[in-house]
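Following: one structure in structure tokens, then a few remarks.
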Amino acid sequence: MRRKLTLWARLCLVLALLPSQTASVAVMSVDLGSEWMKVAIVKPGVPMEIALNKESRRKTPIAVCLKENERLFGDSALGVSVKTPKFVYRHLQSLLGKMHDNPQVAVYQKRFPEHHLVTDESRGTVLFSNSEEMQYSPEELLGMVLNYSRGLAQDFAEQPIKDAVITVPAFFNQAERRAVLQAAQIAGVKVLQLINDNTAVALNYGVFRRKDINSTAQNIMFYDMGSGSTTATIVTYQTVKTEESGSQPQLQIRGVGFDRSLGGFEMELRLQNHLAKLFNEQKKTKKDVRENHRAMAKLLKEAQRLKTVLSANAEFMAEVEGLLDDMDFKAKVTRVEFETLCSDLFERVPGPVQEALGSAEMSLDEIEQVILVGGSTRVPKVQEVLLKAVGKEELGKNLNADEAAAMGAVYQAAALSKAFKVQPFLVSEATVFPIQVEFTREMEEEDGSRILKHNKHILFQRMAPYPQSKVITFNHTDDFAFYVNYGDLSFLGQEDLSVFGSLNLTTVQLSGVGSSFQKHTDAEYKGINASFNMDKSGVLLLDRVASVFETIVEEEESTLTKLGNTISSLFGGGSSEPNANVTEPVQDEEKVHPESVKEQEEAAPQEEKQEPGEKQQQEEVAPTHEKTEGVDSKADLQDEKEGATSGEEEKTTEEAAKTEAKKKAKPQKKTEFSEDVTVELQMKDILKLNFEAITSSNKKLQDLTDRDLEKQEREKTLNSLEEFLFDTQDKMYQEEYQAVVLEEEKETILARLSKVSTWMDEDGYSASTKELREKLQDLRKLCKDMFFRVKEHREWPGQLATLESMLNSSSFFLRSSKLVPEDDRIFTDVELKRLEKVINETTTWKTNTVAEQEKRSPTERPVLLSKDIESKWALLDHEVNYLLNKATKTKPKAAKPKAAKPNNSTTSESSSSKANSSKMEEKVILPKEETKDEEGAEVQQEEPPIKEPTGQNTDSLSQSQPTDKTATTEGAEEVQQEEPPIKEPTGQNTDSSSQSQPTDKTASTEPTEKNQSENQIGDEL
């Protein structure tokens, strides 16, 4: 036992020494828009905060600049895009999950003609190609952006972060969602969830309005117009009851409408073309500005500024310096011209609203409020058209249009993380695009011929909530294939269908079905169960495909049941009454496998859509089992009844009937078992990146990251070396440095600095990081002693002043503590002596060290060190604080009068009084106070008489005693006083009794003054 405890103790010690896995508990969210991204974090002590970028801005452009030896992000990349737009990649969201022949790729190429897009031969997707060596997929570029966003979050949180929730548009299909997940995998970011941006906005709105949500449903519409797309979402808020946490608020996505190409970027492109047209009309040059990529990049930047300004002003003067051939451009643009250019775009503003209402099967009267989200909703014409379309008095603007999605996503990240505990807020997402399963089956016609019939089965309907799982049962007995495709997409327009991509998702080929069917012919075949799961990221997964069989086995009686029956037969007298309940254990123990129960419950809604042959076959099995069980039950009851009747006639007949009834009522149990079949998946939309491709992308990004880190380290070392050179050369001529350095040392340092400066001008800016670091270390080593002497001379005055102050205060504290009477002292003699020793040693050290330092030259190494001075006054401060803490924690003692030792007359008188105490017990009233002397004898005290001369002690006994009563026990004194006691002078003991109490108060004057002086000392302590 002792050995086990020892091993357990060692194990606990090893576990305690292991590094904590909860050191990094922060999580982040990334609101991934088409043009901008916002990053938010949650960490202990910082709830839901937007992370600032390196320019201290709250949003960062999604842009990557990739040159030969340089990689830039965000605003830095946008700055390069004006000069070299070929190397800057933007608006990557529109290329995710797209084949090269997708119309959206052609639109991107038209908007950014400077980029060269090629086809990825392995997947058929798009690649950005600058050269044969520099080719990047949209997933790789997005992975770089996500890695950069994680860096911003880690710098802001000051700790590593891996877990993230990323927002995606609600209209992203399966291929686009998988592309985002693959980009995060390349970046090394663990995705807790892909949350729809409209859901994140709704969550942020509901979290801060929990008190307004009740059991009554509230319908809110969020209209989100961003840079690249527009989405309208209808959300229902209400409280629901849950088994885990009771009544909790819930948001449910009821309807979604969207327009993929309606956004602020399209407005900026039209302004860009308008400005290019105006410049060509000015005919400042013979060249067409549209053919110059650099000039068009400048016009796009000016168009973005122009759109923002025209939202608040009626007109604005657009200006671009050196637009083309060093020709400046200036033109006035009015808001009316802008609205005319985008008139067809404004006509499309109500479209998402009507689509959302149609998918939710609701009317505008049921919508309580329409809230604006997204930066492009700030355009006045958008608000005007939308307000007219929804028919409301006003539009809701009480939500942060830019940061709502990021804040809602980071709340979800905290809820999904195990490191935080947040108030539950239930979220029910909705499937925008329906998904169905299709398969073919051979059917036999009435004339005996066999035909193939194509069947469709809806897996997830439009606006079906997720996450959820579905199970579909096939009755095939041979190997077959089924297809997972999108369902009815007639609600999409022709343009949306053209850019949607493949309508076929996956072909699932099953093998091993026939062999498993032949292998288990003795069991009842239940079919092939295919388990689908729509996870919380909206990605469809095929979890498992298995053949399911069912058998009926007789359940053996357990040992306890047999023992119970034996005891019952011994004490029950063989009564036949219990036989009436013999069938109940059968019903209680008939349990179907939990997986089968779940599959049957989830597959029940789809059974109506199965072909008639399958449904009829399934229906033929169930009644058979029900009928058989019913016959057995009736037979059991009949046998029990006969057994009860025969028991009255013959005992042997009764026992035979009971035995037969028990055999017929023997419990039976249905058992289901399954056997996995081989599944082969063939992706029909976009092929996933295989392991080799992901590994290659990870290596490519890691090489770029290492190169960036090396570059940053070299720039940091170069800046440090330059700073040291300039700073030290300047310091050598300052007075405080000249005072501590010899002339020879000064010349040596200056010569070395001059030599390194010359090397910097010639070869330093092309030198490696290692060479720069070595030069810097040599210079620091050369100047180390000089810097140390200057540092000590600077810190001496402050440190010595602090030490002197601590010595004065500690000495005063010590003197004050010694003045306190011994009976009232809080500190022991050992503690006071220790403090006194520290004070004396510190004073001696200070005097000797300062004297020795004054004898030394300033150019020599000092013996009086600032760290030693600091340690001395810190020791004093520690000792004094220890005593002060003890004083504050000690309860003050109750004031008690002091009793002096009795003289001979008092002793003899008290002894005679004790001798007669038994006789006078009923007549004598106890004196006012009783105290004990040093030997334990009780001394009786009365109120003091008029002040007597010092050293006298008058004791008298009178017939009348004082009215005050004092009850004395062995361990404590309980005093009941009617008049305030009068304190006696220390060292005197006056015991007297008189008929009348004197009124003169001069007796209390002297002790009062002394007590006041003691109280003053205590207050100072």
Is it the case that some residue within segment 147-166 is among the hydrophobic types (A, V, I, L, M, F, W, C), open to solvent by 10 Å² or more (accessible area, probe 1.4 Å) and part of a loop (DSSP other than H, G, I, E, B)? no
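Those residues that are assigned to a helix (DSSP H, G or I), in contact (Cβ under 8 Å) with a residue 60 or more places away in the chain and open to solvent by less than 10 Å² (accessible area, probe 1.4 Å), I need them from segment 108-141; list them, please. Steps first, please.
Taking segment 108-141 as the starting set, the residues that turn out to be assigned to a helix (DSSP H, G or I) are 108-111, 138-141.
Then keep just the ones that are in contact (Cβ under 8 Å) with a residue 60 or more places away in the chain; that gives 111, 139-141.
If the condition is that a residue be assigned to a helix (DSSP H, G or I), in contact (Cβ under 8 Å) with a residue 60 or more places away in the chain and open to solvent by less than 10 Å² (accessible area, probe 1.4 Å), then Glu139, Leu141 are the ones that fit.
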Take the residues in segment 758-773 that are under 44 Å from the mean Cα position of the chain (by Cα) and within 13 Å of Phe724 (Cβ to Cβ), then tell me which one is surrounded by the most Cβ atoms within 10 Å (Cβ to Cβ). Leu772
Looking at (1) out of contact with any helix residue (DSSP H, G or I) (no Cβ under 8 Å at 6 or more places or on another chain); (2) open to solvent by 70 Å² or more (accessible area, probe 1.4 Å); (3) in a helix (DSSP H, G or I), which one does Glu321 not meet, given that it meets all the others? (3)
Would it be correct to say that Ala801 is in contact with a Pro (Cβ under 9 Å, 6 or more places away or on another chain), under 30 Å from Lys846 (Cβ atoms) and open to solvent by 40 Å² or more (accessible area, probe 1.4 Å)? no
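Looking for something assigned to a helix (DSSP H, G or I) and more than 24 Å from Leu718 (Cβ to Cβ) - is there at least one such residue anywhere in segment 777-785?
yes
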Checking the condition farther than 24 Å from Ser811 by Cα and either touching an Asp or Glu at 6+ places or on another chain (Cβ under 7 Å) or without any contact (Cβ under 8 Å) to a residue 40 or more places away in the chain (or both), which residue from Glu852, Glu841 passes? Glu852
Of all residues in segment 513-550, how many are modelled with pLDDT under 90, open to solvent by 20 Å² or more (accessible area, probe 1.4 Å), in contact with a strand residue (DSSP E or B) (Cβ under 8 Å, 6 or more places away or on another chain) and not acidic (Asp, Glu)? 5
Residues that are under 26 Å from Phe500 (Cα atoms), among the hydroxyl-bearing types (Ser, Thr, Tyr) and open to solvent by 10 Å² or more (accessible area, probe 1.4 Å): does segment 77-97 have at least one? yes
Restricting to segment 490-508, give me the number of residues that are under 30 Å from Arg544 (Cβ atoms) and surrounded by 15 or more Cβ atoms within 10 Å (Cβ to Cβ). 8
Given the conditions (1) modelled with pLDDT under 90; (2) more than 30 Å from Gln712 (Cβ to Cβ), and given that Leu807 satisfies all but one, which numbered condition is not satisfied? (1)
Please work out which residue is surrounded by the fewest Cβ atoms within 10 Å (Cβ to Cβ), limiting yourself to segment 819-838 and to residues that are in a loop (DSSP other than H, G, I, E, B) and out of contact with any helix residue (DSSP H, G or I) (no Cβ under 7 Å at 6 or more places or on another chain). Thr828
Can you pull out every residue in segment 400-445 that is among the hydroxyl-bearing types (Ser, Thr, Tyr), outside any loop (DSSP other than H, G, I, E, B) and closer than 24 Å to Leu52 by Cβ? Tyr411
Selection from segment 676-721 of residues under 31 Å from the mean Cα position of the chain (by Cα), hydroxyl-bearing (Ser, Thr, Tyr) and surrounded by 15 or more Cβ atoms within 10 Å (Cβ to Cβ) yields Ser697, Thr705
Looking at segment 205-248, which of its residues are surrounded by fewer than 19 Cβ atoms within 10 Å (Cβ to Cβ), over 19 Å from Tyr411 (Cα atoms) and among the hydrophobic types (A, V, I, L, M, F, W, C)? Ala217, Val240
State whether the residues of segment 351-358 include one that is modelled with pLDDT of 90 or more, of a type outside the set (Gly, Ala, Ser), open to solvent by 30 Å² or more (accessible area, probe 1.4 Å) and touching a strand residue (DSSP E or B) at 6+ places or on another chain (Cβ under 6 Å). yes
Please verify whether segment 649-670 includes one or more residues that are open to solvent by less than 60 Å² (accessible area, probe 1.4 Å) and at pLDDT 70 or above. yes
Check off (1) among the aliphatic types (A, V, I, L, M); (2) over 25 Å from Arg270 (Cβ atoms); (3) open to solvent by less than 20 Å² (accessible area, probe 1.4 Å); (4) over 26 Å from the mean Cα position of the chain (by Cα) for Val105 and give me the number that stays unchecked. (2)
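I'd like the full set of residues that are of a type outside the set (Asp, Glu) and open to solvent by 30 Å² or more (accessible area, probe 1.4 Å), limited to segment 774-795.
Lys775, Gln777, Arg780, Lys781, Leu782, Lys784, Phe787, Phe788, Lys791, His793, Arg794
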Provide a single number: the residues in segment 108-128 that are over 37 Å from the mean Cα position of the chain (by Cα) and at negative phi. 14
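The values are calculated or read from the model by the stated rules, or taken from the named source; none is laboratory data. Owing to the predicted nature of the structure, the values given are computational and were not obtained by experimental measurement. Here Cβ is always computed from backbone atoms with ideal geometry, including for glycine, and neighbour counts include all displayed protein chains. To get the accessible areas, we keep the full protein, side chains included, count just its heavy atoms, and leave off ligands, DNA and RNA. Shrake-Rupley method; radii C 1.70, N 1.55, O 1.52, S 1.80 Å.
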